[in-house]
Structures are given as structure tokens and as C-alpha cells.
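A quick write-up on the structure given underneath.
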Amino acid sequence: MRRISGAAIVLGSVLFLVGFFLPMSGSVFTATSAEEKLEIITESAGAWTASQVLLGLGAVVTLVGVALLAFDARDRSVAVLLWTATVIMLVGAGFWVWYVYARAVDTAAFANGELPAWTIPVSFALTEVGLAIFGVGLIVGPYPSWVGWIVAVSMVLLMVLTLAFGDLPEFFVYVVTLLAGVVLLLSREGSRQDLPALRRRPS
């Protein structure tokens, strides 16, 4: 189940990153005016819809991977942390999926900045909080603790930077989850696989 969870987190992260880095997404997000955004979207409506589907699906599949790990740990004390992370991420994913759906179906409102802008920082703040707790779960549970530290610390850092600058590219979150998913996918069951520098040396 750990490897299935890791595979789901990897798949979700890749889907999100592909949606984010599609040429269509880059063209729209770097456009300098509402008219230019709307023109680009109108000329390639199918590609725009596909990019939004990938962004929404990526967040959901990543969440499923975290939930699978929580289910796998249901008889362990770490399950409380993992389920807490899952619930918080679920709320965040709900806001995010609604937003990408809205900007896919109401392109004029999106281009003109008429969609509720608060949904993006709220959704990613919740996702970052959830993933920070997920990272703590990796640290204290029977998982490679070093990747847990990377997840937890990077999410706290991203939250601070988001508060400081108001917004950050969302793909940073999914670069971190991609790493975590790969480690879970490749790690051995029951082995923490700490970094050599962190292992206790005999006295």
C-alpha cells in the first residue's frame, strides 16, 4: 500500500506539473492584458480546458495518495497525523478544483480578474499546512524520515513566502510532493532509511 500511495502521489504531482508547464498555461499566465489572455484562450480553447483538467486532477490524485498512506497506517499512532493532513488537503483541493473549473468554463471572468482571487491563496495555504503535517507524519512514522523533514520544512518556508509576497507559483508544492512520492514508491516497507549522517553511531 505504501508503494501504491507513492505511485499516486507521483502521478498526481506529474499531472499538475504537466498542466502548469504546458505552453498554453505559460502563454496565458504571462499575458500582460485581459484582452491578450482571452484571445489566447479563445484561439486554443481545448488546450486551455485540458490544462485546467490536469491542474485539478493532479491535486486530487495527490490527495488520494496521501489518503492511501493514512489508510495504510490506520492501526498506527501516526494515522492521526496522516488523516489530519488528508482532511486539511481535501478542503484545500476543494477550493482549487472549484477555481480551475470556474476559469475553464468562464474564461471571460478569469481573463478580466472577476473570479474570487482569495480562493487561490486559501487553497494553497491549506494544502501547504496539510503537507507540512504529512511531512511530520513521515518523520515520526515508519517512513524515510529525511524526506519528511524536506516536506515539512519546505512547506513551512512556502507558507512564509506566500504570506510575505502574497502569491507564489503553485508548482513548487508539487515538486516537493513528487520527491516524496518517489521516495515512498522506492522505499522498503518497515525501513526508515535515514540519511547516513543521521544514523546513530556506536560509542
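Just one of the listed residues (MET24, MET89) is in contact with a Ser or Thr (Cβ under 7 Å, 6 or more places away or on another chain) and surrounded by 23 or more Cβ atoms within 10 Å (Cβ to Cβ), and it is MET89.
Output the residue which, of all residues in region 98-121 that are aliphatic (A, V, I, L, M) and buried (at least 18 other Cβ atoms within 10 Å of the Cβ), is farthest from LYS37 (Cα to Cα).
So the residue we want is VAL100.
A single entry from VAL129, VAL147, VAL122 fulfils the requirement of being closer than 23 Å to VAL97 by Cα and over 13 Å from the mean Cα position of the chain (by Cα): VAL122. Hey, which of the helices (runs of 4 or more DSSP H) in region 91-203, taking only ones fully inside, have at least 1 residues that are among the hydroxyl-bearing types (Ser, Thr, Tyr), at pLDDT below 90 and under 18 Å from VAL60 (Cβ atoms)? Counting at least 1 such residues, we get 119-140.
Of all residue pairs spaced 6 or more apart or on separate chains, those with beta-carbon atoms under 6 Å, a first member in region 125-142 that is within 13 Å of VAL66 (Cβ to Cβ) and a second member that is polar (S, T, N, Q) are ILE133/THR84. All conditions in (1) of a type in the set (A, V, I, L, M, F, W, C); (2) within 13 Å of the chain's Cα centre (by Cα); (3) open to solvent by 50 Å² or more (accessible area, probe 1.4 Å) hold for ALA59, with the sole exception of (3).
The values are calculated or read from the model by the stated rules, or taken from the named source; none is laboratory data. What you are looking at is a predicted structure, and each value in this text was computed from that prediction instead of being measured. Heads up, the Cβs are rebuilt from the backbone with ideal geometry, glycines too, and the neighbour counts pull from every protein chain shown. Keep in mind that these areas ignore ligands, DNA and RNA; they rest on the heavy atoms of the full protein, side chains included. Shrake-Rupley method; radii C 1.70, N 1.55, O 1.52, S 1.80 Å.
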